[in-house]
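Peer 1: The following block contains the structure, expressed as structure tokens.
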């Protein structure tokens with residue numbers, strides 16, 4: 001059972017490979033365009049899975065509070081972009097979020113759930129703003145609902161991965177390795 005859960009989480013995480021293009025809302029609909037939007041950028045995928053993985057490392061209440069804070073603040077950032085509010089340093093903050101969350105996982109950083117939620121909330125603000133800045137011709141509510149659903153599913157994949165890895169005898173080492181690889185990928189994205 002443990003191996004099946006881990007394999008299912010890994011398969012789901014692996015199936016979120018970037019599409020490298022955003023779907024046209026006129027052709028595919030705003031909900032589908034929004035759903036696929038976070039799946040088309042490695043930075044978004046890494047952070048959203050990392051939020052779930054870090055939440056699983058912390059455990060208990062954090063497994064729903066921290067991802068919920070991410071989705072909520074991401075929606076707020078989306079609203080800021082749609083309203084035309086200027087938010088500086090969006091791309092650097094998004095790339096920093098990949099490195100930071102990877103390091104938090106690699107170092108098995110534990111803190112109060114509210115502090116964890118605040119950290120991911122700040123990063124989520126920038127991710128949501130980026131999504132709102134790329135709204136294009138899509139309808140605001142369906143597009144926003146689509147990327148919120150995809151984000152929540154990526155969080156669930158991260159939680160499943162974290163719980164599955166945690167059940168292995170070498171789980172702590174593997175979890176740290178995943179965090180390190182995430183931070184390294186974030187550095188590679190910065191240097192790219």
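Peer 1: With respect to the numbered conditions (1) surrounded by 17 or more Cβ atoms within 10 Å (Cβ to Cβ); (2) modelled with pLDDT under 95; (3) closer than 21 Å to residue 30 by Cβ, which one is the sole condition not fulfilled by residue 139?
Peer 2: Exception for residue 139: condition (1).
Yes/no per residue for (1) outside any helix (DSSP H, G or I); (2) more than 12 Å from residue 107 (Cα to Cα):
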residue	(1), (2)
153	no, yes
164	no, yes
168	yes, yes
176	no, no
179	no, no
189	no, yes
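Peer 1: Let me ask another. Could we say that residue 139 is in contact (Cβ under 8 Å) with a residue 40 or more places away in the chain and more than 19 Å from residue 41 (Cα to Cα) here?
Peer 2: yes
Peer 1: A further question follows. Kindly check whether there is at least one residue in region 50-61 that is surrounded by 16 or more Cβ atoms within 10 Å (Cβ to Cβ) and without any contact (Cβ under 8 Å) to a residue 24 or more places away in the chain.
Peer 2: no
The values are calculated or read from the model by the stated rules, or taken from the named source; none is laboratory data. Given the structure is predicted, the values throughout are model-derived calculations rather than measurements. All Cβ positions, glycine included, derive from the backbone under ideal geometry; neighbour counts span all protein chains shown.
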